[in-house]
1. Quick one: is V284 assigned to a strand (DSSP E or B), among the hydrophobic types (A, V, I, L, M, F, W, C) and farther than 14 Å from P247 by Cβ?
2. Mind checking which residues of segment 52-64 are crowded, with 17+ Cβ neighbours inside 10 Å and assigned to a strand (DSSP E or B)?
3. Those residues that are within 16 Å of C343 (Cα to Cα), in a helix (DSSP H, G or I) and not aliphatic (A, V, I, L, M), I need them from segment 250-276; list them, please.
4. Any chance you could count how many residues in segment 313-330 are among the charged types (D, E, K, R) and closer than 19 Å to I177 by Cβ?
5. Could you pull out the residue among R233, R241, R224, R273 that is basic (K, R) and in contact (Cβ under 8 Å) with a residue 24 or more places away in the chain?
6. From the list S217, S213, which residue is more than 17 Å from I358 (Cβ to Cβ), among the polar types (S, T, N, Q), out of contact with any Cys (no Cβ under 9 Å at 6 or more places or on another chain) and surrounded by 13 or more Cβ atoms within 10 Å (Cβ to Cβ)?
7. Given segment 65-118, what strands (runs of 3 or more DSSP E) lie entirely inside it while holding 3 or more residues that are of a type in the set (A, V, I, L, M, F, W, C) and surrounded by 13 or more Cβ atoms within 10 Å (Cβ to Cβ)?
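The values are calculated or read from the model by the stated rules, or taken from the named source; none is laboratory data. This structure is a prediction, so every number in the text was calculated from the model and none was measured. For neighbour counting, all protein chains shown are included, and Cβ atoms are generated from backbone atoms with ideal geometry for every residue, glycine included.
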Amino acid sequence: MRFSCNVAELNNALSIAIHAIPVKSPKLILEGILIEAQQNAVILTSTDMALGIECKIPAIVEMEGSVVLPGRFFCEVARKLPGEDVRISVNERSVASISSGFFKTSIAGMDALEFPELPVVKGTTVTMTEKQLRRMLNGTLFAVAIDESRPILTGCLFDVDGNDMSIVALDGYRLAICREKLENTFDASSHVIGGKVLGDVAKILNDQDDEVSICFSRSHVCIRIGENMVIARLLEGDYMRYKQILPTEYVTRIIVNRMGLADAMDRAMLIGRESKSTLVTFKVEGNQMTILMQNTSMEEKIEISSEGKDMEIAFNVKYVMDVLKAISDDEIEMRFKSNVSPCLIYPTDGGDQYLYLILPVRV
């Protein structure tokens, strides 16, 4: 095998592929990265058997072939290459000679035939733009459960129904839902993708209108983003019936400036840090809301628009801040049923592009 390619493009592909390279594996071959030179491109593949990533970059291929190089070491070497281009040739003993600028070295590789093939995923395929998927993931991933006691909640639910797709995350204390319209109509189906996988996908996505395809089979998902492909095993189990926990009534409704509330939460978190306080109280009285940080002297009043009863309710300040960071709207709507019932957060335009639920803390 012999080819040359741009160093920046190689490093960009490696920065994506490295997410599927295990730090330590009983199978040494899995700690490597498969490099295949075909026609006018080089394909980089990595897998830990649960997650697989494939990246393609343009290259000048003089001789087609393949090799498996030690993944993390090769990534480190590539990051330090001095030239704009790199030339790689591999002999019959799987030894790769690498040259860039005035730099030369060689790395012992492994036989590509030993590297496992990524599964072929066939099934329902939905498409959207990178911008749309990026918004949905950024708006939900923070609410994925970290606790492994309920593994199904460590992922996000992809709920497809007709021409609607929702991504849902919940950890027992808050719920995040983001929705988008699809161009085509599909039968109702639900799939759960691991939060770690989706975190890696979010890092690949750009704020662009380029198309992304998401294909679901019974056991795997394949996400194609440009020349990059991510394949992962779906999480097994029944996801919580989240629609049943959404309150349908409220007694207090307020509209508040999102950045104004976020700035107040930021100050509350700062003041609470000294006393290790995480509890913030919202006291709604007419068109004014007083924010109080427990066990501190911090108090701040902000203007709101409200209807219904006055309300006093407390939350974990971080949970409120996470939601405010995930929204880009200038204003948000908050609904309260009681001081022990969940708070719901909606867009003020009456749309359904997002919905957040935060459980209060009993005071």
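1. Spelling it out, V284 is indeed assigned to a strand (DSSP E or B), among the hydrophobic types (A, V, I, L, M, F, W, C) and farther than 14 Å from P247 by Cβ.
2. The answer is G52, I53, E54, C55, K56, I57, V61.
3. Within segment 250-276, R258 is the sole residue that qualifies.
4. Within segment 313-330, residues that are among the charged types (D, E, K, R) and closer than 19 Å to I177 by Cβ number 3.
5. Just a single option satisfies the conditions, and that option is R233.
6. S217
7. 65-70, 85-90, 95-100
For every residue, the table says whether it meets (1) outside the structural domain of D322 (by TED's automatic domain parsing); (2) crowded, with 18+ Cβ neighbours inside 10 Å.
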residue: I231; (1), (2): yes, yes
residue: M240; (1), (2): yes, no
residue: V251; (1), (2): no, no
residue: G272; (1), (2): no, yes
residue: S277; (1), (2): no, no
residue: V284; (1), (2): no, yes
residue: N287; (1), (2): no, no
